[in-house]
Every structure is written in C-alpha cells, then in structure tokens.
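Let me begin by presenting the structure, written as structure tokens, before commenting on it.
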Amino acid sequence: MAPLPAALLALVFAQILKVFNSFPPRFSRIIGSGGMPSSHSAFVTCLTTVIALRHGLDSDIFAITAVFALITIYDAGGVRRAVGKQANVLNRLIRELDLSRLEENKELIKEELKELIGHTPFEIIAGILLGLVIGLLSGYII
C-alpha cells in the first residue's frame, strides 16, 4: 500500500477506536481531537514506517518524515495538552464569575473552550503502536 493511503487508514482507525473508548459509545468522538489513541501519533508513525520500509532508514525522505513525526507527536502530547489544561482552568473561572456584573463581556463568553485537545503519554504510545502495526502490515502484507 502506498504511504498516504496507509497513513490515512491509521488515522481513520484511530478515530473509530475513540468512539468505543467510552460507555455508551460517543459517536461525536470520531471527528474530535484528543483521546485514546492519539490519531496524530498513529498517522505520522504509520507514514514514517511505510517510508522506512520502501526507502530505507538511511534515505532522505525517511529523515524528513521522522522529523515531521517527532514534531507532531511532541506537539500532540506537549503543547496541545497544555492548551487543553488551560482551557479547563479558563472554563472553570468563567463558570464561577458573576456574569451579571460583566454584561459588556457576555459576547466574549458564548461557549466553553474545548478541553480535550492533547494527549496523555499513554494515548501517544498507543497511537504510535497502532501506526507502527498498520504501517508494517501495509508494507509487508497489503
């Protein structure tokens, strides 16, 4: 299988798994970010794996995809997770504010900020493993 279809397969499979990580299943999770497993990690790991199988570990294209994967995985677990934590704090502060005193700011506070954006280390590792397995299968079997 070509690298892009394999990577997209890993992404879609990770998103589908997110639906069933809660009871009852939450079908809205299929398009959301954050959660288990990390679809970011699965996507870039699968792409990097297929590139490694096709072009070798010493190829320029593998180096590019590996760097891309590391940056994406770091961002999913570091920066995006921090943004989610900040959103949680801001949402709690907004709920506790006396909005009647802030009538002029009501337009700014229409909806809660999205809190489930980044990933825990476990979610990232699960995404990496999923991407690796799909990448290996697509490189050798499919």
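Only the coordinates and a few stated rules stand behind these numbers; no lab work does. Bear in mind that the values here come from a model prediction, so they are computed numbers and not experimental data. When we count neighbours, we look across all protein chains shown, and the Cβ atoms used for this are built from the backbone with ideal geometry, even at glycine.
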Taking the Cβ of each residue in I134, I61 as the centre, tally the other Cβ atoms inside 10 Å and list the residues starting with the fewest.
I61, I134
What is the distance, in nm, between label points placed 7 Å from the Cα along the Cα-to-Cβ direction at L4 and at I125?
3.4 nm
Neighbourhood charge, 15 Å Cβ-Cβ cut-off, centred on A10 and excluding it, Lys, Arg +1 and Asp, Glu -1:
0
Taking 7 Å along the Cα-to-C-beta vector as the label spot, tell me the F68-L90 distance in nanometres, rounded to one decimal.
3.0 nm
